[in-house]
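The values are calculated or read from the model by the stated rules, or taken from the named source; none is laboratory data. From a predicted model like this one, the values you see are computed outputs, not experimental measurements. Each accessible area value is taken on the protein alone, full model and side chains, heavy atoms only, with ligands, DNA and RNA left out. Shrake-Rupley method; radii C 1.70, N 1.55, O 1.52, S 1.80 Å.
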Amino acid sequence: MPNAFATQDSLLEYLERLFLTLSNYIFTAIFVAEMTVKIVALGWCFGDKAYLRSSWNILDGMLVMISVIDILVSLISNSGTKILGMLRVLRLLRTLRPLR
């Protein structure tokens, strides 16, 4: 039976890619859940503390939507990941969340 991975480096690259992909799914699910809880608790757009009244929440919502779209496109097509590659950079804005 031939070895599926020619070298140890290719096995490590595969495992790294698998880890990053699974981490992306897990963290996106966590952020979707957080966004959903905040929308249910605060309301969507009506009220003094509504979700869409805070610019930080709008930023979070956009980042979550970009993450979900990125996952959907990558599941549908392998070439689609290149199209949304630049949008992945915007997810780095999540690091600004502690600055609130």
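How much of Val64 can a 1.4 Å solvent probe reach, expressed as accessible area in Å² and rounded to 10? Accessible surface of Val64 is approximately 10 Å².
Could you order Thr28, Thr7 by accessible surface area, starting with the largest, using a probe radius of 1.4 Å?
Values: Thr28 10, Thr7 75 Å².
Ranked from most to least accessible, the order is Thr7, Thr28.
For the pair Ile58 and Thr7, the difference between a 0.36 nm per residue extended length and the Cα-Cα distance amounts to 13.8 nm.
Taking every pair of Cα atoms in region 1-72, average 1/r, invert it to obtain the Kirkwood radius, and report Rg/Rh to two decimals.
Reported Rg/Rh, Kirkwood definition of Rh: 1.29.
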